[in-house]
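Here, each number is a calculation from the coordinates, and none is a lab measurement. All figures in this text were calculated on a predicted structure; none of them were measured in a lab.
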Amino acid sequence: MATLVGGTAVVIPGTGLSSESDPKYRNYLQGANVNGPATLLQLVNAPSGQIAGSGTISVGPGADPKLIYALRYTIDYPVLLVSLKVSITVAATANWRAGVYGSGGNGDILPKTLLADSGNVATNPAGTKSATLNVRLQPGNYWFVTHFQNSAGSTINVHDVTRSDNLGTDSTLVPVNGLTQLQNFGALPATWGSTYTLSTTQIPTLYAEFAV
């Protein structure tokens, strides 16, 4: 049985297919099963292996700017990105946001233009938190991002590089699992810009909810 952050089972409605243990979910999304709604939850950090997370980090303490965390995700067929989800294990009275950026294309895979911003989502109380996006994506490379507000501190589930589908290595051959950028909390920037840092340690565990 598949497991979502927070311990909730993930099953495609009306099929009994587990989105993390049965490859048939891709066929389901592509229309092989057209009776009823088709939705699934996909682990963004390691979609090929669905590997469990590696612990928690505190994302709140300290003044702005705070890190925006970006995870690359490849879409193979047209799909609706309904929401992005994180697991808050210790909640502070604060907010977080999620968004999606397109890539440059023509071999440029870095994040470029903001396609959707969820707006503020409360981190309190603790549990699995969903940020609604409802953006339709065509085949290509995208970047799913999270941003957490300065507060007394929230603790979230994370994946480190040993449990992630990595993007390659940096100049010293250290594995890279995403990108980060410093930004004051608020509306996500309309364009990512040229400034970023390679993530080589821990990055938030992120689930994407898709529908056709």
Next item on the list: For LEU206, list long-range residues whose amide hydrogen, built 1.01 Å from N in the peptide plane, is under 5 Å from its own amide hydrogen.
Entry: VAL44, ASN45
Check: Considering amide H positions built from the backbone, and no H for Pro or chain starts, which residues 5 or more places from ALA94, or on another chain, come under 5 Å of its amide H?
Finding: THR123, ASN124
